[in-house]
Amino acid sequence: MKCNATDVPAPHEIDIPALKAKYSDERAKRVRPEGQKQYTKLKEDKEFNEEYLHDPHTPVEERAPLDEELEVAILGAGWSGILAAYHLKKAGVTDYRNIDHAGDWGGVWYWNRYPGIQCDNDAYCYLPLLEETGFMPTKKYSDGYEIYDYFKIIENKFELGEKALFHTVVQSLQWDEASKRWLIGTNRGDNIRARFVIVANGLLNIPKFPKVPGIHEFKGKMFHTSRWEYDYTGGEYRKPVLDKLADKEVAILGTGATAIQAIPYLGKYAKKVYVLQRTPSVVDQRYNHPTDQDWAASLKAGWQLERIDNFHRGAMVGRFNPGEEDQVCDFWTEITRNMSADLRKEGTDETVDIMEYYARRETMDYQVMERMRDRVDSLVEDKETAEALKVWYRFLCKRPLSNDDYYDTFNLPNVELVDVSDSQGLECMTENGFKANGKEYKIDCMIFASGFEVTSDLDRRWGIDTYTGRDGLSIYEHWKYGYKTLHGTMTSKFPNQFFIGYYQGGVNASTTHQYSQQGLHAAYIIKEAIDKGYQAVEPAEEAQAAWVQHIRETAANVESFVDQCPPSYYNNEGQKVIDENGNEVYRNFLGEIYGPGWEAFEQIVSDWRNKGDLEGMVKE
């Protein structure tokens, strides 16, 4: 089916200078000087730390502490962890163990079981290894439990989980020079000595809780959406009928990707729902169609990577190849799709230069966001509520979302939007509820849909108390003023250690594809080191410095764009940090991105592997 451009207002119908001024004003009223410190640091808050540590989904079983040596410890069992295991085994490295705080595989898809949970990325791109497993998602945007179940399919098919260690929190990670091993201490008293470590702890790991007066004086129920308590709300993960809320007045803090999926269920079942919003999210229609079986049967070998590449051009590069159709066809690719349609009408698809293209793309950004605001007016009956739900920022300033029921939920008589933008978030809590805009609201339950530590300081988002490399150097000190890596994968003074995530390299629009390629790269180096008898490998200082310089010299300058964005986890709550040269810079949730793009980065690391000599590495 052909994917058409969307119906957006023409450029002459919108006042872009006025919108720029409005965007700036709305941003300014929300930025808080304390930045990440507006949230509680879990290790300093016993009650919320216990909320993070406990598992409402699976009972913790007693076990004896482990005392063992192994080749590879993989810290994490989410997407980055399971894909690292997959590539290790494919490379012939089988002495590994995944270690995870959760009670099973899944990472954030283990913890997040709130009502309505789906992935808002195209499942045919997002779920990795579809051709290898033979699995096909049931619909375009998978339910959370389908993703969780798919982890088990991967584990079983490739026999990855024999030694996985769950309900285990890594508390210390220390390099021992004498044994050339990483010493791993855990909350279960384990003493694990690993030759190699792959840090695969994920982007969405440590939940955030607001740091506001009176929060622990509240006598009602409180929980984070990543620790959803169906014993309290009623219902269950795969059948979220929240019947125990029929006599409850509930508040939910946040209107991001989690909240906009849970709120329709709260509105359906709770006696009263207060939605506390600092900054609205852009929420488009989801169009979550079931998988077309005829389409699935027609797919040829290599279809998934082709689709991933197409999505990457639409959502990340921002420009399709001349004549290329949008295979994913959703809100992520809308601006690019509309641009392609306009250029084809003009006959300039292949000739327009890059500067003109991206200037026109910026205009299309304003057109699309105006369509989103018009959508709110068409669905929300109360005009004051509709106005508060409208977004005043550029596309991709915050994560764009989709849901078919979110806006309609505000037409229900038991659902009330509480705009807390003037107080820059939740003002305070009391014994009986919370205060906002000079009024106290009495509630039975407060649900925190406040997200995760994503761009905050490393010790906050990793939660490992002691983390040291050679000569006792702390990773938190080593990376205090920014990442220092070779290819975004390894860092000097931390031998035999590998990082999967957003650090200093190419970024792909499909997170799982990026993680998979990083896992492949780590597995290659580990296998080479084992085969060649190296006890330790790490980047040479000169090679690392050259890569860091190359990354920063080729990086796209996005500061002017970020300056227009409201605070969120995308930009460390709008707070700049100091780099190693004393400059104030934004911390991007995607790390330091390789400017020439994903394909160019993949070519660099592929050529590096093909040389076969671990160039730029110190080998012992």
Pick out, in residue order, every one of the GluC sites (Glu not before Pro) in the range 70-162 that is DSSP loop and has at most 11 other C-beta atoms within 10 Å; say none if there are none.
GLU159, GLU162
Spherically averaged projected area in nm², based on the convex hull that wraps the Cα atoms of the chain
27.6
Compute the FRET efficiency between GLU131 and VAL352 as 1/(1 + (r/R0)^6), taking r as their Cβ-Cβ distance and R0 = 30 Å, and round to the nearest 0.05.
0.25
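Take the solvent-accessible surface of the protein heavy atoms, probe 1.4 Å, and return the percent of it on the chain that carbon and sulfur atoms account for.
Working: 12110 of 25270 Å².
That share works out to 48 percent.
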Those cysteines in the chain that have no second cysteine Cβ within a distance under 4.7 Å are CYS119, CYS125, CYS428, CYS445
Each residue of the range 20-31 in order: what ³J(HN,Hα) in whole Hz does its phi give by Karplus 6.51 cos²θ - 1.76 cosθ + 1.60, θ = phi - 60°, with x for Gly and Pro?
4, 5, 5, 4, 5, 5, 5, 5, 4, 6, 10, 6
Charges only on Cβ, +1 for Lys and Arg, -1 for Asp and Glu: so what's the dipole of the chain about the Cα centre, in debye to the nearest 20?
620
HN-Hα J in Hz across the range 94-102 - Karplus 6.51, -1.76, 1.60, θ = phi - 60°, x for Gly and Pro
10, 8, 9, 8, 7, 10, 8, 5, 5
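Would you mind checking LYS219/LYS244; LYS29/LYS248; LYS89/LYS157 for any pair whose Cα atoms are more than 24 angstrom apart? Working shown, then result.
On the way: LYS219/LYS244 18 Å; LYS29/LYS248 33 Å; LYS89/LYS157 12 Å.
Correct reply: LYS29/LYS248.
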Once amide hydrogens are built 1.01 Å from N within the peptide plane, the residues lying 5 or more places from HIS224 or on another chain with amide H under 5 Å from its amide H are PHE448
Could you tell me the relative contact order of the chain? Use alpha-carbon pairs under 8 Å, at least six residues apart, and round to a whole percent.
20
What is the set of long-range amide H partners of LYS140 at a cut-off below 5 Å, with H atoms built 1.01 Å from backbone N?
HIS289, THR291
Mean Cα-pair separation over length for the range 101-247, i.e. relative contact order, pairs under 8 Å, 6 or more apart, %:
23
Label-point separation in nm, ALA600 to THR363, each point 7 Å along Cα→Cβ:
2.7
Considering only ILE464, PRO400, THR385, whose Cα is most displaced toward the positive end of the charge dipole of the range 342-474, charges sitting on Cβ of Lys, Arg (+1) and Asp, Glu (-1)?
ILE464
5 Å is the cut-off here: which amide hydrogens, built 1.01 Å from N in the peptide plane, fall below it relative to HIS167, excluding neighbours closer than 5 in sequence?
ASP100, ALA102, GLY103, ASP104
Dipole of the range 47-161 [Lys/Arg +1, Asp/Glu -1 at C-beta], most positive-end residue of TRP105, LEU130, LEU160
LEU130
Which trypsin sites (Lys or Arg not before Pro) in the range 242-283 pass both tests, a DSSP loop state and at most 12 other beta-carbon atoms within 10 Å?
LYS271
Looking only at lysines whose Cα falls under 20 Å of LYS139's and that sit 8 or more positions away or on another chain, we get LYS2, LYS152, LYS239, LYS300
Toy charge model, Lys and Arg Cβ at +1, Asp and Glu Cβ at -1: the range 223-312 dipole around Cα centroid in debye, rounded to 20, equals 300
If you find the alpha carbon centre of the range 346-365 and of the range 152-170, how far apart are they in angstrom?
47
Find the centroid of the Cα atoms in the range 84-140 and in the range 569-620, then give the distance between the two in whole Å.
25
By the scheme Lys and Arg +1, Asp and Glu -1, what is the net charge of all other residues having a beta-carbon under 9 Å from that of LYS211?
0
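Give me the number: length gained by fully extending GLN174 to LYS43, i.e. 0.36 nm times residue separation minus the C-alpha to C-alpha distance, one decimal in nm.
On the way: separation 131, 0.36 × 131 = 47.16 nm, distance 1.99 nm.
Gain on extension, GLN174 to LYS43, equals 45.2 nm.
Could you report the chain's accessible area per residue, 1.4 Å probe, as an integer in Å²?
On the way: 25270 Å² over 620 residues.
I get 41 Å² per residue for this part.
The values are calculated or read from the model by the stated rules, or taken from the named source; none is laboratory data. Just so it is clear, the structure is predicted and the values come from calculations on it, not from any experiment. FYI the Cβ positions are ideal-geometry reconstructions off the backbone, even for glycines, and counts take in every protein chain you see. Side chains included, ligands, DNA and RNA excluded: accessible areas come from the protein's heavy atoms. Shrake-Rupley method; radii C 1.70, N 1.55, O 1.52, S 1.80 Å.
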